[in-house]
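Reviewing the structure listed below.
The values are calculated or read from the model by the stated rules, or taken from the named source; none is laboratory data. Since the structure is predicted, the reported quantities are computational estimates derived from the model, not experimental observations. Neighbour counts run over all protein chains shown; Cβ positions are idealised from the backbone, glycine included. These area figures cover heavy atoms from the full protein model, side chains too; ligands, DNA and RNA do not enter into them. Shrake-Rupley method; radii C 1.70, N 1.55, O 1.52, S 1.80 Å.
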Amino acid sequence: FCPPRRNLRFRAALSTLDAAVYDLMAARQEAGDPGEDMLGMLMKARDEETGQPMSERQVRDEVITLLIAGHETVASAITWTFHLLAANPGARQRLENEVHSVLGGRLPTTADLPNLPYTGWVFSEALRLYPPAWLITRKALAGTLIILSPYVLQRAPAYWPEPERFLPERFEPSAEKARPRYAYIPFGGGPRLCIGSNFAQIEAQLILALVAQRFRLDPDPRAAVVPDPLVTIRPRGGLHMTLSRSQPEPTPAEAAV
């Protein structure tokens, strides 16, 4: 029996990931210091009842989950964000102006995020229109499988006027308070809310600020953008765009010179 070629590629890729994770763990153990990052926290974690650490396999499984879940979903969401910004130049200009005004050319840090509210609204609105996890499943106590679609719910006219429009202002604090709690569930909700939701928001906001600070992405008119609902929702065939330098809108004083 000869496994299909794609299975062989999958096994090779999995072996590469495993080797990378186990090599990192071995280096930390040899150094005698697991570190203070996520891997270090996992290696230092102890069972509350037995006091035992996780096995190497358990740590590996947690790291792989973080790598795969954290990469695929955020990459998809940021891809759609750039697509939406390119289609809405007014929103893109406002984002660029905010980033240039707050950062002034330096790299963004987490300390800057409270001063970049519009950048956060942009990502939230992209998640509304194109939530990576476009289907969520839950099993009721009776055993019935329940399927929810954030993609459908977050375009419901009852909660979202002009639901197909890209309007980051929907996420101003006053507007958010006016909506039902579960009208917006890109990360799920309740006790099973995605554990990486805060990390994703922070990561995406920093990436958007960093890119908008330097570059502007415009669509390739020759390439159609078609949503492809796979494990995550992504543009079929990728998103083809052209890259140029971003330009902040001149201030009134600059425009007068």
In terms of the ratio Rg/(2.2 N^0.38 Å) built on C-alpha atoms, what value belongs to region 121-178?
-> 1.32
Would you mind checking the radius of gyration and Dmax of the chain based on alpha-carbon positions, in Å?
-> 21.5, 75
Longest the chain segment clear of GluC sites (Glu not before Pro) sitting in DSSP loops (not H, G, I, E or B) with at most 16 other Cβ atoms within 10 Å runs 50-163
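Please give the peptides 12-19, 84-91, 186-193 ranked by average Cβ packing (other Cβ atoms within 10 Å per residue), highest first, as a rough proxy for protection.
84-91, 186-193, 12-19
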Any chance you could list the semi-axes, whole Å, largest first, of the equivalent ellipsoid that the Cα gyration tensor gives for region 87-141, using √(5λ)?
-> 31, 15, 7
Any chance you could run the full-extension gain for D61 through A111? It's 0.36 nm times the residue separation minus the Cα-Cα distance, nm to one decimal.
-> 14.9 nm
Quick one: accessible area per residue over the chain, 1.4 Å probe, rounded to a whole number of Å²?
-> 62 Å²
For region 76-196, what number results from the quotient of the Cα radius of gyration and 2.2 N^0.38 Å?
-> 1.19
Per 10 Å bin, what is the whole-percent P(r) computed from every C-alpha pair distance within region 14-61?
-> 26, 55, 18, 1
Take every Cα pair under 8 Å in region 1-77 that's 6+ residues apart, average their separations, divide by the length, and report that relative contact order as a whole percent.
-> 21 percent
If you place +1 on the Cβ of every Lys and Arg and -1 on the Cβ of every Asp and Glu, how big does the dipole about the Cα centre of the chain come out, in debye to the nearest 20?
-> 960 debye
Per residue, the convex hull volume that the Cα atoms of region 1-148 enclose (Å³) | 256 Å³
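Can you give the convex hull volume per residue for the Cα atoms of region 28-85, as a whole number of Å³?
Per residue, the Cα convex hull of region 28-85 comes to 113 Å³.
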